[in-house]
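Asks: Before I ask anything, let me first share the structure, which is written out below as C-alpha cells.
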Amino acid sequence: MGLSDIAAGIKSTTKQQTRTVATIDDTDISLSERLGDHESELPCTAVAATTVLEAYDAGAGIEAAATTAGIAPVTAAKTLYRCGKPGIMPLAPTGRQILHDWLAGQLSRVDALALTQTDEPTFALATYIETHEIIEPIADVTRRDTANSFCDHSSVSQHGKFAETSNDGANL
C-alpha cells in the first residue's frame with residue numbers, strides 16, 4: 001500500500017468548522033449581589049461585608065474598615081480573608097506549622113500559643129483562616145473589581161492591626 005492508496009478518498013477543503021468553548025458570563029453580577037448569595041458563609045451580614053470590602057479597597061486598614069461597618073476588627077479580618085483578600089494570615093510559615101500541629105492534636109493550645117509567640121485574638125484569627133476556605137465566587141468578583149480599579153490596595157503593607165505579622169500569600 002502506497003501513500004496514494006492511503007490518501008485516496010481524502011478531500012481537502014479551505015473551510016474549517018469553528019469550534020468554541022461554551023462560557024457563562026456573570027461579570028454583570030455586583031459585589032453586593034454576590035455577597036448576598038453567600039451571606040450564610042460570611043462571618044457578618046452581606047451589608048457589613050460590602051462596607052468592609054469597599055473601605056479596605058479604598059485604602060482603609062482593617063480596624064478602620066471594621067469601624068465603618070460597625071463590626072469587630074477580627075470579624076472584618078475574617079470577612080476579608082473569606083472574600084479572597086491576600087495578606088490577612090497573621091502567622092509566618094513557622095507559626096502556621098505550629099498551628100497545624102495543634103489542629104492535628106500534636107500540641108496543646110498553651111504550647112502552640114507559646115511557640116507562636118502570639119496573643120489569643122491573633123491565634124484565633126489564624127485558626128479561623130486555617131479552618132475555613134476562601135469563598136471563590138466572592139473572591140472572583142473582588143479580584144475582578146480590583147483588576148478594574150486604578151490602584152490595587154492589596155499590595156499596601158499597612159492594612160491595620162495585623163499588618164506587622166502579615167504574610168502575603170500565606171493564606172492560599
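Asks: Express the Stokes-Einstein translational diffusion coefficient of region 78-124 in µm² s⁻¹, to the nearest whole number, given a Kirkwood radius over alpha-carbon pairs, 25 °C and a viscosity of 0.890 mPa s.
Replies: This corresponds to a translational diffusion coefficient of 218 µm²/s.
Asks: Please report the carbon-and-sulfur percent of the accessible area for region 37-144; probe 1.4 Å, protein heavy atoms only, DNA, RNA and ligands left out.
Replies: The computed percentage sits at 53.
Asks: Further question on the same structure: Between Thr131 and Asp37, what length comes free when the chain is fully extended (0.36 nm per residue of separation minus the Cα-Cα distance, one decimal in nm)?
Replies: 31.7 nm
The values are calculated or read from the model by the stated rules, or taken from the named source; none is laboratory data. Just so it is clear, the model here is predicted, and its values are computed rather than measured. Just so you know, the surface numbers come from the protein's heavy atoms only, side chains and all, with ligands and any DNA or RNA stripped out. Shrake-Rupley method; radii C 1.70, N 1.55, O 1.52, S 1.80 Å.
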